[in-house]
1. Starting from 0.36 nm per residue, how many nanometres of slack lie between T54 and E32 once their C-alpha separation is accounted for?
2. So, counting K/R as plus one and D/E as minus one, what does the shell of residues with Cβ under 13 Å around A35 add up to?
Amino acid sequence: MNLQLAPLVPEITDATGLRIIRAIIPSERDPEALAYLRHYSCHSSAETIPKALTGIYRA
């Protein structure tokens, strides 16, 4: 995969990172739907998350 999750979610084991990864594994690919999983305490805005999650999802 070619996604830029690290700049948005510095700690991948926090609530937002785990929610997004758990959604990607069973094949969720819509950046807007993944951004909806953002935890309220996440420092990244809901507008920047879809931009970073737009990429290539093939293995």
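All of the numbers you see were taken from the coordinates with simple rules; none came from a lab. Fair warning: this is a prediction, and the values are worked out from it, not measured in the lab. Using ideal geometry, Cβ is built from the backbone for each residue, glycine included, and neighbour counts are taken over all protein chains shown.
1. The T54-E32 span can extend by a further 7.0 nm.
2. On the way: positive: R19, R29, R38, K51; negative: E28, D30, E32, E47.
Summing Lys/Arg as +1 and Asp/Glu as -1 gives 0.
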